[in-house]
Amino acid sequence: MLIKCIFPPSFVQFVSHQFRCIHSEERKWQSVAAATAAAATTACAAAQENLQPMNTFKYSDTIVRLAEPHQLHPKPDAAGLQFGKLFTDHMLKIEYHKRLGGWQKPVILPFENIVLHPAAKVLHYAVELFEGMKAYRGVDGQIRLFRPDMNMERMNRSAVRAGLPPFSGPELIKCLSRLVSVDQEWVPHSESSSLYIRPTLIGIDPSLGIACTESALLYAILSPVGAYFSSGFQPVTLMADPQYTRAFPGGCGDRKMGSNYAPTIHVQREAMQRGFQQVLWLYGPDEQLTEVGTMNIFLYFINDNGERELVTPNLDGLILPGVTRMSILELTRGWNEFKVTERKITMSEVIRLQNENRLLEMFGAGTACIVSPVASIHYKNLVIKFPMEEQENPIYRRLERALTSIQYGRVDHPWAVAIS
């Protein structure tokens, strides 16, 4: 049975008026939101026009507060070190507050927890970035950093992209060197270990809303480390699954931000559950090789002209511009023994090279692991193996020796910066 309801004209006019008001208010708030977002974008874009900071902290202003004897910890045995499990007695903190004129004085102080407001931008919008560096105790007892200027340049690029304040790289290198000097007994007396340095920059504004940061904290902690992988310097196995993507064009894949790493943890766990140690990240319909785990990737093979060639993906915004990556490119080009190329590599090319028995080596490269050889790629129903141990003097071993010789002072080189 159909019941027909008839409303008086006055009621219909009232309802129509209310809907018009609601729609008008909605359009108004949409306009306000759009204007606010545009203003924030414009402000951040203006800040990005120049990497040079308007003001910066200065090493000469550094305040040092040493830990009391009861705050000091025993130094660990280098033989049992794991990656990132232990931390030294001191840390570096440098605050930034726009309302107070920008960067404040650097402070080296006893290692402590950080207190944040619950609305801090880093907690809600991942407004943060970090770097990975190492200090090495050389065969002569001298402590050295490896190409720290490149880390500073990359850190500033990440800061600008995240709407965080840039700073003077040379000044931060001096502050980090002083921190390492204070905790120098934590630098392992071993050529298989080092002191990992983790500078971090986070947005700490106590307010919600996406906008450029007006308060930030730059801090650095130190950790004595052994091998990055529990397997040591053994070749690793890779899972290559095209359903997963680490980065995309126009994104932040070439910046060292935590937001690039958190989404990979689930995929890494899946790889390990399937019996593999790392993930080979692919991108696009042609399945480009981008990175392996948290490392840049290199492929060594015999090309179509019968030449030996070392290739790594070019810097197209998808991959991190690694310090070790650049060092390997410069070293191998200096050897002038084989062709060295930066270009796109696809899975179809790797499969073709395997079918034609032209694959020689694959390895990852990064600060944490230095060089990590790859044993095999597991892609769909294929297993692609690399005959590295068949090589009389594999490229990855030569590179590992060359890089560590510089880092541990076995050879004198401008890339190794001594800490006085």
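Specify the inter-centroid distance of the range 210-272 and the range 380-420, based on alpha-carbon positions, in whole Å.
22 Å
If you count, for each residue, the other Cβ atoms within 10 Å and average over each peptide, how do 330-343, 90-103, 133-146 line up from highest to lowest?
133-146, 90-103, 330-343
How much length is gained on full extension from HIS266 to SER192, taking 0.36 nm per residue of separation minus their Cα-Cα distance?
Full extension of this stretch gives 23.6 nm more.
Apply the Karplus curve 6.51 cos²θ - 1.76 cosθ + 1.60, θ = phi - 60°, to the phi angles in the range 286-298 and return the couplings in whole Hz, x for Gly and Pro.
Going residue by residue, I get 8, 6, 6, 7, 10, 9, 10, x, 10, 10, 6, 10, 10 Hz, with x marking Gly and Pro.
If amide H atoms are built 1.01 Å from N in the plane of the peptide, which residues on other chains or at least 5 residues away come under 5 Å of the amide H of ILE345?
Hits under the 5 Å cutoff: LEU289.
HN-Hα J couplings of the range 189-198 from phi, Karplus 6.51/-1.76/1.60, θ = phi - 60°, integer Hz, Gly and Pro as x?
In residue order, the calculated couplings are 8, 7, 8, 10, 9, 7, 10, 7, 10, 10 Hz.
What chymotrypsin sites (Phe, Trp or Tyr not before Pro) does the range 234-299 have in DSSP loop regions with at most 16 other beta carbons within 10 Å?
Loop-located and lightly packed - TYR261.
Of ILE319, ILE108, ILE384, which is the most mobile in a GNM of the chain whose springs link Cα atoms less than 10 angstrom apart?
Its mean-square fluctuation being the largest, the pick is ILE384.
So what J values fall out for the range 92-104 if you push phi through Karplus, 6.51 cos²θ - 1.76 cosθ + 1.60 with θ = phi - 60°, rounded to Hz, Gly and Pro as x?
10, 10, 9, 8, 10, 9, 4, 5, 9, x, x, 5, 9
For the range 47-186, which whole percent of the accessible surface, found with a 1.4 angstrom probe, sits on carbon and sulfur atoms?
50 percent
Check GLN82: other-chain or 5+ apart residues with amide H under 5 Å from its amide H, H built from backbone geometry?
For GLN82, the qualifying residues are GLY226.
Order the peptides 56-66, 186-196, 171-181 from the highest to the lowest mean number of other Cβ atoms within 10 Å of their residues.
Answer by packing, highest mean first, reads 171-181, 186-196, 56-66.
Evaluate E = 1/(1 + (r/R0)^6) for ARG99 and ARG397, where r is the Cβ-Cβ distance and R0 equals 41 Å; express this FRET efficiency to the nearest 0.05.
That pair, ARG99 with ARG397, gives E of 0.15.
For the chain, give me the percentage of DSSP beta bridges that are antiparallel, rounded to the nearest 5 percent.
Percent antiparallel among DSSP bridges in the chain is about 80.
Only one of the listed values, (i) 31, 28, 23; (ii) 38, 25, 19; (iii) 44, 34, 19, was derived from the coordinates as semi-axes √(5λ) of the Cα gyration tensor in Å; which label is it?
Recomputing semi-axes √(5λ) of the Cα gyration tensor in Å here picks out (iii).
Can you pick out the pairs among LYS58/LYS174; LYS58/LYS105; LYS134/LYS174; LYS105/LYS134 whose Cα atoms lie more than 18 Å from each other?
Flagged as over cut-off: LYS105/LYS134.
Would you pull out the residues with amide H under 5 Å of GLY132's amide H, same chain only if 5 or more places away, H placed 1.01 Å from N?
For GLY132, whose amide H was placed from the backbone, there are no distant partners under 5 Å.
Which residue, ARG308, ARG398, ARG147, tops the fluctuation ranking in a GNM of the chain built on C-alpha contacts under 10 Å?
ARG398
For ARG352 and LYS58, what is the calculated FRET efficiency with R₀ set at 45 Å and r taken between the beta-carbons, to the nearest 0.05?
In this case the efficiency is close to 0.20.
Only Cα pairs within less than 10 Å get springs; with that Gaussian network setup on the chain, which residue of ALA162, ALA365, ALA119 has the largest fluctuation?
ALA119
Among the complete DSSP H segments of the chain, which ones combine at least 15 Å of alpha-carbon extent along their axis with a mean Kyte-Doolittle hydropathy of 0.5 or more?
Helices meeting the span and hydropathy rule in the chain are 169-182.
Could you tell me the distance between the Cα centroids of the range 108-177 and the range 364-379, to the nearest Å?
Here the two parts' Cα centres lie 25 Å apart.
The values are calculated or read from the model by the stated rules, or taken from the named source; none is laboratory data. Note that the coordinates shown come from a computational prediction; the quantities given were computed from them, not determined experimentally. Reconstructed Cβ throughout: ideal geometry from the backbone, glycine too, with neighbour counts over all protein chains shown. Heavy atoms of the whole protein, side chains included, go into the accessibility calculation; ligands, DNA and RNA do not. Shrake-Rupley method; radii C 1.70, N 1.55, O 1.52, S 1.80 Å.
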